[in-house]
Each structure stands twice: as structure tokens, then as C-alpha cells.
Amino acid sequence: MKDASQVTAPRVCFVIPTYNEAPNVSLLLARLASDYPGEETSFLIVDDESPDGTADRVREFAKRDSRVHLLEGKRRGLGAAYVRGISHALDSLGAEVVVQMDADFSHDPADAKKLLARLANGADAAIGSRYISGGAVDRDWSVGRRLLSRGGNYLARRIAGLVTVHDCTSGFKAISAASLREIDVKRIRVQGYAFQIALLHRLIESGARIVEEPIYFRDRERGQTKLGIRDLIEFFYSVWWMRVAGYKTFLKFSLVGLSGVLVNLGSFQLALGLGVHKFLASPIAIELSIISNFLLNNYWTFADRAMTGRGRIRGLKYNLVSLTTLALSYATFVLLSMLFPDAAPVVLQGCGIIPATICNYLLNSYWTFRAGEPES
Ligand code: GDD
Ligand code: MN
């Protein structure tokens, strides 16, 4: 564990969406401003023309505290507000860490310290979780509300497959700017509360190191919830969409693998036809298939996971894995050629693909593209 005083504090931006939170927003800003006195911290309220004058309260506060910012827009839902807010925090406020939270005190401002501490200790994202040991929801939450929340989490884990996280719908998270840039928040299309699982889905896919920290979720005392039927409908089809997206990726990946076999054996046969010696034709054909697989997977199968930033390290690992694949496949070919000198070379070249594919799969899934591990 690193001692918090030994690391320089990152520039943290709290991104807080509001719709009709006039009774809460000034109180919350006052609490945050005193709990987080650092000059480097900023507070961005993302308001959607609340008719109750929320924005005026924020402007009022911003006159006294220059760390407070207001971003206004048309109401398109919680998710749309977050996409705007997070983009602004990254592009204009120089945020190195984004904390997302509700404006109604359901999320205790003090708990954000625990989330930030997890990031300081190496996590890419820390989730304030109600559903791990030590976490809880308000005793006064109605049975209906409990079922809704539990049901949402059940669907997110069982249908969408977000099994590594226990509180998938939590709206309280600290996320590093690097991770947010890698997943490109602007590409999130859902408009409402489904944003939480859409964001999480992308974080998990990108291999972010995600941890959960127990929190107590207090019911709001002022104002009311904005969760609507549209949010529920969108949530429901989102979990299915995520599931289908998983199949789609797998299907594309398999097709690319198949094309790789054709490239390998096709170019091998071609080279032999051109009179190239089989021990030279073999590694050339293997390398060609590795390159074509890489290009197709990068620009088609995983087109939405651009290889940038930390992706570059992944690119290096990917190359090492490919080198191993090449060596293994070639070694198998040479060995088989010596054991069965009379067999058709193209058959032996094909046999070389088998151990290489297995090794490639294991290394890539447990090393290169390892998904974020659950921790609490
Ligand atoms: N700008 C903007 N636009 N803000 C919105 C909108 C919107 O359309 N809808 C809601 N908000 C703001 C609210 O003003 C509040 O600050 C925050 O988003 C959360 O909204 P609530 O209405 O209080 O949500 P909730 O308490 O029902 O739901 C909470 O728990 C859910 C899981 O049980 C939130 O944390 C959700 O994100 C979470 O999924
Ligand atoms: Mn609330």
C-alpha cells in the first residue's frame, strides 16, 4: 500500500448531473468544497435546464468558488448528461480523475475519498458498491425500489454478462482519465440510466482494473427520483444488446481465425509452387497469417478498441505472443516434416496451426487482453 502523502494528488473533477436539484445542489457543493479543499479539485454540475432554478444556485456558488463549473444543455437523460459532462471534464478542465455521483446525497461525499484512494493504489476505476460485504441500501428503501435495483443488477450480470462486478448500476465511481479516453465515452449512445452499465461494459471490455468499495446508499431527503419508464425500457434492451455484441465479437474473431488459416495454407502452397523451399515458405506463410489476423482483428473485430495509450503496451505483448505463435507453429512443422518426410507439406503446415492457436488463445486471454479482475 502506498501512503497517500507520497503520491502527488491527481487533478480530480467531480461530475454531477442535476435535474431539479435546487434543494440539494448548494448544500452538496458546500459539503464538497469543504471536504475537498485542494486547488486542483473541480466540481462540474451538468444541468439540463431544470425549471426549479438549479442552475442559478450553481452560478451563485461559482461566484464564491472558482472551482465550481456549470455545464448546461437540453434534457436528453442521465446518460446523455454524463457523456457531455465527462467529455467536458477531460477536454476543458484537465481532469486526471473523474468522480461521478448523484446530487441528492444518496452518495456520501466523504466516500469519494475511499474511491480516490483505490485509484491512488493502482485501480483504473473504483465503484461505490451497495452489494458487496460492508455495503448497503437505505433501510427505508421500499420493497419495489429494492427489487428494481436488484433486478437491474441481476440482468446486467446474467444477461449482459458483467459478472465481475457486483453493483453494476451504481452511479458512484472514480475513474482515471486514461481509462475514460481509452473507452471513448462519446461513443456511448444510451441516453438514460442505462449509461451506468454501458460505461461499465466498456470499462470491462477495455481491460480496466476495476475494484469495488462498499458504500451505504442513503435515500434522498429532498426532491424526487427522475428514474422513468423510458430508462427502464432502454435498460432492458441494453442488456440484451450487450449480450448480442458479445456473440458478434466472438463470431468475427472466429471468422478472422478461419481466414488466417486460408492465408497461411494458401500462401504456403503458392510459395511452394514458386519453388521456395518448404522450410522457408513455412515461416513466411505463418507470418503473413499473423499479420492479416492482426489487421482484421484490429480494424474490424475490435475496431471500437483503438490501440492507444496503454493499448501500446498491449500491442507489445501482442507482438511477443505472435512471435511465440510463429516459433511454435514453425517448430511443429519442422518436427513433423522430419518425422513424416513423405506427408504433403501443406498438411503438416496445417497441423502446425493447432498448438499455435491454443497457445495464442491462452496467452492473449490470460495476459494480453486480461479483463479487469473483481476485487473488493
Ligand atoms: N442532467 C441531468 N439530466 N441529470 C439527471 C437526469 C437528467 O435527465 N436524470 C437524473 N439526473 C440526476 C439527478 O438530478 C441526480 O443528481 C442523479 O442524476 C441521480 O438521479 P436520481 O433520480 O436521484 O436517481 P436514483 O436515486 O433513482 O438512482 C440512483 O441509483 C441508481 C441505481 O439504483 C442513481 O445513482 C442511478 O445512477 C443508479 O443507477
Ligand atoms: Mn437519487
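Values quoted throughout were computed directly from the atomic coordinates according to the rules given, and no laboratory measurement underlies them. Just so it is clear, the model here is predicted, and its values are computed rather than measured. Ideal geometry is used to build each Cβ from the backbone, glycine not excepted, and the neighbour counts take in all protein chains shown.
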If you fit an axis through the alpha-carbon atoms of helix 22-35 and take the longest principal axis of the Cα set of the chain, what angle between them do you get, 0 to 90°, nearest 10?
70
Quickly estimate the mean residue ellipticity at 222 nm for the chain, helices only: each DSSP H run with n ≥ 4 gives -39500 (n - 2.57), and the total goes over all residues, rounded to 500.
-17500 deg cm²/dmol
Distance in nm between residue 163 and residue 136 label points, each 7 Å along Cα→Cβ, equals 3.0
Nearest-ten-degree value, helix 278-296 long axis tilted from longest Cα axis of the chain:
20
Taking the chain as a Gaussian network, Cα atoms linked when under 10 Å apart, which of 215, 159, 284 shows the biggest mean-square fluctuation?
284
Specify which residue in the list 8, 24, 183 is farthest towards the positive end of the charge dipole of the chain, using unit charges on the beta carbon of Lys, Arg (+1) and Asp, Glu (-1), about the Cα centre.
183
Percent relative contact order for the chain, counting Cα pairs under 8 Å at least six residues apart, stands at 16
Rounded to the nearest 10 degrees, what's the angle between the helix 345-363 long axis and the longest principal axis of the chain, both from Cα atoms, 0 to 90?
20
Sorted by average packing, counted as other Cβ atoms within 10 angstrom per residue and highest first, what order do 267-273, 207-213 take?
207-213, 267-273
Rounded to the nearest 0.05, FRET efficiency between residue 220 and residue 362 (Cβ-Cβ, R0 56 Å) equals 0.70
Starting from 0.36 nm per residue, how many nanometres of slack lie between residue 8 and residue 184 once their C-alpha separation is accounted for?
60.8 nm
Between residue 121 and residue 291, what FRET efficiency comes out of the Förster formula 1/(1 + (r/R0)^6) with R0 = 41 Å and r the beta carbon distance, rounded to 0.05?
0.60
For the chain the translational diffusion coefficient, Stokes-Einstein from a Kirkwood Rh over Cα pairs at 25 °C and viscosity 0.890 mPa s, in µm²/s, is roughly 106
Greater than 25 Å apart at Cα, pairs in 63/226; 114/317; 74/113; 186/226; 278/317; 63/173:
63/226; 114/317; 74/113; 278/317; 63/173
Ranking request for peptides 252-264, 220-232, 74-86, 23-35: highest mean number of other beta-carbon atoms within 10 Å first, then the rest in descending order.
74-86, 23-35, 252-264, 220-232
If you stretched the chain out fully between residue 334 and residue 276, how much longer would it get, using 0.36 nm times the residue separation minus the C-alpha to C-alpha distance?
19.3 nm
Fewest-first sequence of 276, 185, 163 by Cβ atoms within 10 Å of each Cβ:
163, 276, 185
Can you tell me how much longer the chain between residue 324 and residue 244 gets when fully stretched, taken as 0.36 nm per residue apart minus their C-alpha distance, in nm with one decimal?
25.6 nm
